[in-house]
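Report on one structure; see the data block that follows.
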Amino acid sequence: MDFGGGDEIRFERLGKAGVVTLTRPQALNALTHRMIKALEKALDAFERDAGVDVVIVKAEGRAFSAGGDIMHVYEARAGKPPVDFFADEYRLNARINSYKKPYVALIDGIVMGGGVGISFHGSQRVLTENAQFAMPEVGIGFFPDVGGSHLLPGLGGSFGMYLALTGNRVRYGDALWSGLATHTIKAADQAAILDRLCANGDPESVLRGFFVPARRETGQSVLEAIARHFAQPSLADIIASLERASGADEFAAKTLATIRTRSPTSLNVAWRQISAGLTLSMEACMKMEFRILNRMLAGHDFYEGIRAVIVDKGSTPQWRPASLAEVDAASVDAYFAPLERELDL
């Protein structure tokens, strides 16, 4: 089946399933514009096909998807920003969230950023013991997009706010405990699960038979600390809470040190975005994220973050403004202001 994805993404009709495989393992299956447009077309075709009962998304290699292919964003910084790439990606995220058939993501390895957008809005999010989830965007001067404002606010114990503001990775046990994952399985069972899904098209009955309960990796005392610190009513209050505890609490000190390396602008935007998302629909979240995206592409920190982390690999980004105290409320408001051309869904 060819939907225009070339050798970057493969589509198959196997039994009662439409099977999607990300095939850029050498690039950790980072999403390109071509992959996004092809997946959108495939989902339309699978939804119309009465013989397809379930859609399955999986990947080749050691990563499910490490995110979007953002080097093209950096390369376009002096010309026309790739707004269309993000617009199509956000439409796809919203499409998956409202998809009319079961949508099963088999996640084995790293899943971050754009990879989260094509997996965690589906009905079944299935993680193996090799899975690692993260939304690390504040570390590159960006924000947890691809529906992060819809996905993260609903996690219990302010866990979503913690993930958004730190960018920290979690494994499959924490993903299952928090509600990010719906099922956890053994990596060795993936082929058998795929065969069964294709044969009977009923993901719940199949996954129930392969489900392996995963213990959460984060201990109770740390979960309580996350809930206490990250439920504070403002970003400044979260920082102050961590500062008060940092002298005697290793978790607070370590978390505070992590946050202080992130873009001050991104932290402010992410805090407001995740707070707002709690009461917004997926569609409203995507429109909000598109507003933020347009302002990020016109700013400094996103390009600086890509330069430091990806181009110069591990250098220290020079954020502007450089500190949380220098970020004023009006500048944050501007990220959320209406656009002349809003995202159409």
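The values are calculated or read from the model by the stated rules, or taken from the named source; none is laboratory data. Source: prediction; values computed, not measured. With ideal geometry, Cβ positions are generated from the backbone for all residues, glycine too; neighbour counts draw on all protein chains shown.
A few comments on the model shown:
- Test for Glu137: is it within 22 Å of Val73 (Cβ to Cβ) and of a type in the set (Asp, Glu): yes
- Breaking point among (1) surrounded by fewer than 24 Cβ atoms within 10 Å (Cβ to Cβ); (2) outside any helix (DSSP H, G or I), for Arg262: (1)
- Unmet criterion (only one of (1) part of a helix (DSSP H, G or I); (2) at pLDDT 95 or above; (3) farther than 22 Å from Ile274 by Cα; (4) not basic (Lys, Arg)) for Val309: (2)
- No other residue among Ala225, Ala236 is farther than 27 Å from Asn97 by Cβ and surrounded by fewer than 17 Cβ atoms within 10 Å (Cβ to Cβ) apart from Ala236.
- Search result, residues across the range 152-190 that are under 22 Å from Val138 (Cβ atoms), among the acidic types (Asp, Glu) and surrounded by fewer than 19 Cβ atoms within 10 Å (Cβ to Cβ): none
- In the range 59-108, the residues that are more than 13 Å from Leu31 (Cβ to Cβ), among the charged types (D, E, K, R) and either in contact with a Ser or Thr (Cβ under 9 Å, 6 or more places away or on another chain) or not in a helix (DSSP H, G or I) (or both): Glu60, Arg62, Arg77, Lys80, Lys100, Lys101, Asp108
- Out of Phe86, Phe64, sole residue that is hydrophobic (A, V, I, L, M, F, W, C), under 18 Å from the mean Cα position of the chain (by Cα), surrounded by 24 or more Cβ atoms within 10 Å (Cβ to Cβ) and more than 26 Å from Asp189 (Cα to Cα): Phe86
Residue-wise test of (1) surrounded by 15 or more Cβ atoms within 10 Å (Cβ to Cβ); (2) over 26 Å from Leu345 (Cβ atoms); (3) in contact with a Lys or Arg (Cβ under 9 Å, 6 or more places away or on another chain).
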| site | (1), (2), (3) |
| --- | --- |
| Val269 | yes, no, yes |
| Met282 | yes, no, no |
| Met286 | yes, no, yes |
| Ala298 | no, no, no |
| Gly314 | no, yes, no |
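- Residues in the range 157-177 that are closer than 18 Å to Phe251 by Cβ and either at pLDDT below 95 or over 15 Å from the mean Cα position of the chain (by Cα) (or both): Gly157, Ser158, Gly173, Asp174, Trp177.
- Qualifying residue in the range 287-301 (condition: more than 25 Å from Gly160 (Cα to Cα), modelled with pLDDT of 95 or more and touching a Ser or Thr at 6+ places or on another chain (Cβ under 6 Å)): no
- Residue among Ile292, Ile238 that is among the β-branched types (Val, Ile, Thr) and under 19 Å from the mean Cα position of the chain (by Cα): Ile292
- Within the range 109-135, the set of residues being touching a residue at least 40 places away in the same chain (Cβ under 8 Å) and part of a loop (DSSP other than H, G, I, E, B) comprises Gly109, Gly113, Ile118, Ser119, Phe120, His121, Gly122, Ser123, Thr128, Glu129, Asn130, Ala131.
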